[in-house]
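Okay, structure first, notes after.
Each reported figure results from applying straightforward, stated rules to the coordinates on display, with no laboratory input. What you see is a predicted model; the values in this text were computed from it and never measured. Positions of Cβ are backbone-derived with ideal geometry, glycine not excepted, and every protein chain shown enters the neighbour counts.
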Amino acid sequence: MKPIRIAPSILAWDLGDLGEAVNISVKGGADQLHLDVIDGHFAPNITFGPGTVKALRKRSDLRFDTHLMIDRPQAYAEKFLDAGSDILTFHAEVLDGPGFDELHRKVRSRGKEIGLAIKPETPLPGWAADRLDKLSTIIVMTVNPGFSGQSMDMAVMPKLEAIGELFEERGVATDIEIDGGVEPENVHEVVKRGGNVLVDGAGIYAKKDPVAAIGVLREKAERARAEQ
Ligand code: DX5
Ligand code: ZN
């Protein structure tokens, strides 16, 4: 079984103090750091770019999971690799099979991992289903991209379940990463449907004790896994 991994999303922390967001994730024992890059075109917010990722890279060796919510990812992939991203995730809505293949070659030639993300209303495209073996992760978004602190969209659950079943049938090792509104209270809903990487912004960084919140989320997720 794929291990449970906790990926705090720094978007929910004070954007003027992101170094501290990294420290918190390290102290809490997070498995990777989720970095939300938004360009104001693909989604209605503007966050940060490769310069910020590069600056944070100096703070720790934590796996950097960069989620590119941008319109022209081809133009920036290289810059985010140079900045120190370990996993670069692109949105399916702005790609097609050949476009993905080109990015896959670029990312793998740098020895890094590639992911694909889908918005709540986007089905897994046929071209992506044909390329599962190339993916390290699929991000199933459970909120519309843009902001931290939204509630999980439960209408995504049938799609998540179908993806979980497809991955099981195919026997692929691809992670299923859940992004949006994950909380200790609902984590069982996504773990029982195959989710194993749990992105969490507000459920960690908006808590009184964010270091402890990482452990709480992990414990709830592991418990949900054990009950399966
Ligand atoms: C939304 C981002 C998410 C977000 C998650 O566009 O992709 O990663 O920061 O934050 P929470 O967990 O607060 O929904
Ligand atoms: Zn994200």
Out of curiosity, is Ile70 surrounded by fewer than 15 Cβ atoms within 10 Å (Cβ to Cβ) and closer than 19 Å to Asp179 by Cβ? no
Please count how many residues of segment 175-190 are buried (at least 20 other Cβ atoms within 10 Å of the Cβ), over 13 Å from Asp200 (Cα atoms) and in contact with a helix residue (DSSP H, G or I) (Cβ under 9 Å, 6 or more places away or on another chain). 1
Checking Asp65 against (1) within 15 Å of ligand 1 (Cβ to nearest atom); (2) surrounded by 19 or more Cβ atoms within 10 Å (Cβ to Cβ); (3) in a helix (DSSP H, G or I), which single condition isn't satisfied? (3)
Which of the residues spanning segment 3-21 are within 21 Å of Ile139 (Cα to Cα), buried (at least 16 other Cβ atoms within 10 Å of the Cβ) and away from ligand 1 (no atom under 12 Å from the Cβ)? Ile4, Arg5
Name the single residue that is nearest to Leu160 (Cα to Cα) among those in segment 177-220 being touching a residue at least 60 places away in the same chain (Cβ under 8 Å) and away from ligand 1 (no atom under 14 Å from the Cβ). Val191
Glu183 being in contact with a Leu (Cβ under 9 Å, 6 or more places away or on another chain) and either assigned to a loop (DSSP other than H, G, I, E, B) or hydroxyl-bearing (Ser, Thr, Tyr) (or both): yes
Considering only segment 209-218, I want to know if a residue exists there that is within 18 Å of the chain's Cα centre (by Cα) and surrounded by fewer than 21 Cβ atoms within 10 Å (Cβ to Cβ). yes
Whether any residue in segment 93-111 is part of a strand (DSSP E or B) and crowded, with 19+ Cβ neighbours inside 10 Å is what I want to check. no
From Leu11, Leu116, Leu33, Leu81, grab the single residue that is without any contact (Cβ under 8 Å) to a residue 40 or more places away in the chain and either touching a Cys at 6+ places or on another chain (Cβ under 6 Å) or in a helix (DSSP H, G or I) (or both). Leu81
Residue set Asp133, Asp153; condition surrounded by fewer than 20 Cβ atoms within 10 Å (Cβ to Cβ), within 22 Å of Pro98 (Cα to Cα) and free of Cβ contacts under 8 Å to residues at least 60 places away in the same chain; output residue Asp133
Which ones in segment 171-185 are out of contact with any strand residue (DSSP E or B) (no Cβ under 7 Å at 6 or more places or on another chain) and away from ligand 2 (no atom under 16 Å from the Cβ)? Gly171, Val172, Ala173, Pro184, Glu185
Checklist (1) within 14 Å of ligand 2 (Cβ to nearest atom); (2) in contact with a strand residue (DSSP E or B) (Cβ under 9 Å, 6 or more places away or on another chain) applied to Gly149, failing item: (2)
Does segment 163-176 hold any residues that are more than 13 Å from the chain's Cα centre (by Cα) and either in contact (Cβ under 8 Å) with a residue 12 or more places away in the chain or within 10 Å of ligand 1 (Cβ to nearest atom) (or both), and which are they? Ile163, Gly164, Glu165, Leu166, Phe167, Glu168, Arg170, Val172, Ala173
